[in-house]
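A quick write-up on the structure given underneath.
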Amino acid sequence: QVQLAESGGGLVRAGGSLRLSCENSGRPFGGSAMAWFRQAPGQEREFVGAMWWISGDTSYGDSVQGRATVSRDRDKNMVFLEMHSLKVEDTARYYCAATSGGRVWMSADYDYWGQGTQVTVSS
């Protein structure tokens, strides 16, 4: 099955940038989309961005629109999230997820999840 593992989190200054990686160490992903979600303490899991695996088309959440880019390396079975102009409110645990189909912005429609990587943005 798909096994996802995120990396690249850490402490970043406001205004800075980050690049998160998600590696699928399981069987090659043949589903519909892979995505990034994030969750801050006491808040619901929030959609950050997704990529439809076949087309490469992307979709982003409103809070990161224009600041985030989801990309992939199909040969390495990896997906990436790059964000710039980081804000303190971007602080959260970021999760990589994969879905066989459904609404890409809905966390409930995802079948596989990584353990997450913490991103903390300082002022």
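The values are calculated or read from the model by the stated rules, or taken from the named source; none is laboratory data. Everything numeric in this text was worked out from a predicted model, so none of it was measured. Here the Cβ is made from the backbone with ideal geometry for all residues, glycine too, and neighbour counts use every protein chain on show. We work out accessible area using only protein heavy atoms, side chains counted, and drop any ligands, DNA or RNA first. Shrake-Rupley method; radii C 1.70, N 1.55, O 1.52, S 1.80 Å.
Considering the conditions (1) closer than 20 Å to ALA108 by Cβ; (2) surrounded by 13 or more Cβ atoms within 10 Å (Cβ to Cβ); (3) not β-branched (Val, Ile, Thr), ARG72 is excluded by exactly one of them, (1). Going by what's in this entry, would ARG38 be described as under 11 Å from the mean Cα position of the chain (by Cα), open to solvent by 70 Å² or more (accessible area, probe 1.4 Å) and not β-branched (Val, Ile, Thr)? The answer is no for ARG38. Restricting attention to segment 9-27, the residues that are surrounded by fewer than 17 Cβ atoms within 10 Å (Cβ to Cβ) and either modelled with pLDDT under 95 or not in a strand (DSSP E or B) (or both) add up to 7. With respect to (1) in contact with an Asp or Glu (Cβ under 7 Å, 6 or more places away or on another chain); (2) outside any loop (DSSP other than H, G, I, E, B); (3) open to solvent by 30 Å² or more (accessible area, probe 1.4 Å), the lone exception for GLU82 is condition (1).
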